[in-house]
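Step one of this worksheet: look at the structure below.
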Amino acid sequence: MSDLQAILDRIAAEMAAAPDRGKVADYIPELASIDPGQFGIAVCLADGTHCTAGDAEVRFSIQSVSKVFTLAMALGRLGDQLWARVGREPSGLAFNSILQLEHERGIPRNPFINAGAIVVTDALLSGHAPREMLGDYLRFLRHAADDDDIHINESVARSETETGHRNFALAHELCAHGNLQHPPDHVLGAYFHQCAAEMTCRQLAFAGRFLVNAPELPSLLSLARVRRINALMMTCGHYDGSGEFAFRVGLPGKSGVGGGILVIVPSRAAVAVWSPGLNAQGNSQLGTLAVERLARAQGWSVFG
Ligand code: GLU
């Protein structure tokens, strides 16, 4: 057994025994009943090999991890024009905060808070019906992961459509400031569906390979854009917990309220971890702890 496999097995065993597992997101009713006892991890290395441990083959709702893929698609399609509509600064506020958006006149702080991701989805809808945009999105995920068995969970999307009042408020506020080009219900329909994509840890780690920048791994974007997406993951990928994640883990990561985190170790690996219980900032409690331990065991950090 490789050293890495032994490390993943040890971490999965430690996480299985962890007493404090955080709290499953219940503001999306379909997610409220997920068993918080689950934990999975997958690592794809720069040489193309991979290792997994725990519930790495269980599908989970990727939620805001989707924002990394839609940002990559939007940058590929629109290039730097996107930055006229969304900023690149950490928000220091909750993922769904309305306060800052009004204060800053409808320009979201970054593409990873909800308001910013809604603008990115709106940009992807340019010239495309929501169904086509979601088709392109699924094609991107499947191509990146080299796996066609990736789908959107309609019940999760519907559940969020029925209860996503804060996201509707954000979309209307963006519209009021002229920063939405399509009707809020169209944009949110697409946004809720992109968030409702389900993947396993193994599929997500594979899909993240294009952000690693290693000769053996797929390249879907220019190196300059890969670096920029990593910079945004580092500074903004965990909402108002981004500083804490950078401090503890030292690697770019993007979390979702389904409990998944995609972590990139530049030039070395893509890591996906999942445990549904969240901390106070809406980031996976055990997922964060697990990647902190993995990074320490492997000596992985962007800080040398
Ligand atoms: N669909 C969720 C929302 O918009 C995503 C939030 C998250 O994963 O952080 O509220």
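Readers should treat all values here as calculations from the given coordinates under stated rules, not as data from a laboratory. Computed from a predicted model, the values in this text were never measured in an experiment. Methodologically, a virtual Cβ is constructed for each residue, glycine included, from the backbone with ideal geometry; neighbour enumeration extends over all protein chains shown.
Of note:
- Mean-position separation - Cα centroids, the stretch 141-195 and the stretch 200-269, in angstrom: 21
- In percent, rounded to a whole number, the relative contact order of the stretch 65-219 is 28, using alpha-carbon pairs under 8 Å and six or more apart.
- Fully extended contour minus Cα-Cα distance, from Phe303 to Thr49, at 0.36 nm per residue: 89.0 nm
- Here the calculated FRET efficiency for Phe247 and Arg10, from their Cβ-Cβ distance with R0 = 22 Å, stands at 0.40, rounded to the nearest 0.05.
- For His165 and Glu104, the FRET efficiency from 1/(1 + (r/R0)^6), where r spans their Cβ atoms and R0 equals 22 Å, is about 0.55.
- Residues whose amide H falls under 5 Å from that of Gly237, counting only those 5 or more places apart or on a different chain, are Gly253, with hydrogens built in the peptide plane.
- Working ranking of peptides 264-272, 152-160 by packing, defined as the average number of other Cβ atoms within 10 Å per residue, highest first, is 264-272, 152-160.
- Taking the average, over residues, of other Cβ atoms within 10 Å as the packing measure, peptides 203-211, 245-253, 28-36, 170-178 rank 203-211, 245-253, 170-178, 28-36 from highest down.
- Theoretical FRET efficiency, 1/(1+(r/R0)^6), r = Cβ-Cβ of Arg139 and Ala17, R0 45 Å, to 0.05: 0.65
- Contact order for the chain, expressed relative to its length and based on alpha carbon pairs under 8 Å spaced 6+ residues apart, stands at 27 percent.
- Legend: ranking of residues Tyr137, Tyr239 from fewest to most surrounding C-beta atoms inside 10 Å; resulting order Tyr137, Tyr239.
- Rounded if a/c under 1.5, otherwise prolate or oblate - the chain, Cα gyration tensor axes: prolate
- Linear extension gain, Glu132 paired with His172, 0.36 nm per residue minus alpha-carbon span: 12.1 nm
- Sorting Tyr191, Tyr27 by the number of Cβ atoms found within 10 Å of their own Cβ, with the fewest placed first, yields Tyr27, Tyr191.
- Thr288, Thr235, Thr49 arranged by Cβ crowding within 10 Å, fewest neighbours leading: Thr49, Thr235, Thr288
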